[in-house]
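The values are calculated or read from the model by the stated rules, or taken from the named source; none is laboratory data. Since the structure is predicted, the reported quantities are computational estimates derived from the model, not experimental observations. Every residue, glycine among them, receives a Cβ derived from its backbone with ideal geometry; neighbour counts consider all protein chains shown. The protein model used for the area step is the full one, side chains on, heavy atoms only, and it has no ligands, DNA or RNA in it. Shrake-Rupley method; radii C 1.70, N 1.55, O 1.52, S 1.80 Å.
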Amino acid sequence: MLLFKEKSALRNYLSAQKETNKTIGFVPTMGALHEGHLSLIEFAQSACDLVVVSIFVNPTQFNNEDDLEKYPRTLDSDIQLIKSKFPKNVIVFAPSAHEVYGENISSSQFNFGPVASFMEGKYRNGHFDGVGTIVKKLFEMVKPHKAFFGEKDFQQLLIIKKLVELTKLPIEVIGCKINREKSGLARSSRNALLSNKDRLESAFIYQTLQQAKANFGTKSVKEIERDIKTAFERHPLLKLEYFEVANAHTLEPFSNKKEQYRAFIAAYANNVRLIDNIALN
Ligand code: AMP
């Protein structure tokens, strides 16, 4: 495993590698690595000769100072973990904010269209402009052939596909399955901020998504929404921010069962914000 902190050194190394016709895969992360991240790296390794993993907590995608401050940062153990799991053909890029942004830590504005206006776009003002800004910068530095993103952040995956379309960068964007804890809770760096008890109780999020899926064939979407809102109202820990049934391609609200749909949840366990989603049909 090689570690780069400077973009010029990374670029030089990668251009030499590309001259030998190696395919480059890219897995952008914010670190505090868990098995969800590792599953992406593993998948990228199966599809590419060389995999670049970036570790960078991107300030411009946080709409809340406190959330940014609390975000877990474990760079040394992340590097050790990658070294032990992927000794060969993996490169870690862990730049500073100055290396990425220079003096001007701010977002560009993107026109992602309606897909950015629902759910995370609605509840986290400016979030997707921050995501678009960092991913575009990283794509331009790494110039990968393929980039791997988790379906855990399903809306983000659609935004990145839109970003590639808008910027015309020749990159294939590949979605990877959600990796879960034994309890069913979707793995997330934020899970490290939960007490053991809260972590187990947060599996309720996935349980309700499974319940929505089981009822999708027989109940109306309105009934499903009502059941889930009521279940959260009764829950001692979790506060629901949104439950949405949305078109899996456009994220438009439910209209008819001929299309493909997913159910999406954002909820707070104390002050920790958790998201998850499931395919309904
Ligand atoms: P993050 O470090 O949270 O920004 O995530 C980096 C990448 O890992 C994103 O593409 C996420 O969607 C993906 N990811 C995070 N958690 C999971 C998970 N539980 N399963 C699959 N992918 C994940």
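Taking the Cα centre as origin and putting +1 on Lys and Arg beta-carbons and -1 on Asp and Glu beta-carbons, what dipole magnitude results for the chain, to the nearest 20 debye?
Using Cβ point charges on Lys, Arg, Asp and Glu, the chain gives about 560 debye.
Report Rg/Rh for segment 151-241, rounded to two decimals, where Rg is the Cα radius of gyration and Rh the Kirkwood radius.
My calculation puts Rg/Rh at 1.07.
Quote the accessible area belonging to Cys176 in square angstrom, nearest 10, computed with a 1.4 Å probe and with ligands, DNA and RNA left uncounted.
For Cys176, the solvent-accessible surface is approximately 10 Å².
Going through the cross-link list Lys85/Lys152; Lys168/Lys257; Lys122/Lys177, which pairs have a Cα-Cα distance over 26 Å in this structure?
Lys168/Lys257
Excluding Lys222 itself, what net charge comes from residues whose Cβ is under 13 Å from its Cβ, given Lys and Arg +1 and Asp and Glu -1?
-1
What net charge is computed for the residues neighbouring Arg187, neighbours being all others with C-beta under 9 Å from the C-beta of Arg187, Lys and Arg scored +1, Asp and Glu -1?
In short, 0.
Find the all-direction average of the projected area of the Cα convex hull for segment 41-161, expressing the result in square nanometres with one decimal place.
So the Cα hull casts an average projection of 8.1 nm².
Under a GNM of the chain (C-alpha, springs under 10 Å), which listed residue has the highest mean-square fluctuation: Asn179, Asn247, Asn104?
Taking springs between Cα atoms under 10 Å, the residue moving most is Asn104.
How would you order 60-67, 34-41 from highest to lowest mean count of nearby Cβ atoms within 10 Å?
Averaged packing, sorted descending, gives the order 34-41, 60-67.
Pairwise over distinct Cα atoms, reciprocal of the mean inverse distance: report the Kirkwood radius of segment 1-87 in Å, one decimal place.
Every distinct Cα pair counted, the radius reaches 14.3 Å.
Determine the percent antiparallel among the DSSP beta bridges restricted to the chain, to the nearest 5.
Bridges in the chain are about 50 percent antiparallel.
Accessible area per residue, 1.4 Å probe, Å², for segment 1-102: what's the number?
In whole numbers, segment 1-102 has 48 Å² accessible per residue.
How far apart, in nanometres, would the label points at Ser77 and Gln260 be if each is projected 7 angstrom from Cα along the Cα-to-Cβ direction?
3.7
Using helices alone, I'd like the mean residue ellipticity at 222 nm for the chain: each DSSP H run of four-plus residues gives -39500 (n - 2.57), total over residue count, nearest 500.
My calculation for the chain gives -12000 deg cm²/dmol from helical runs alone.
With N set to the number of residues, divide the alpha-carbon radius of gyration of the chain by 2.2 N^0.38 Å and report two decimals.
1.02
Over segment 114-155, with every protein chain in place, what whole percent of the accessible area is carbon and sulfur at 1.4 Å, could you tell me?
Whole-percent figure for carbon plus sulfur exposure: 49.
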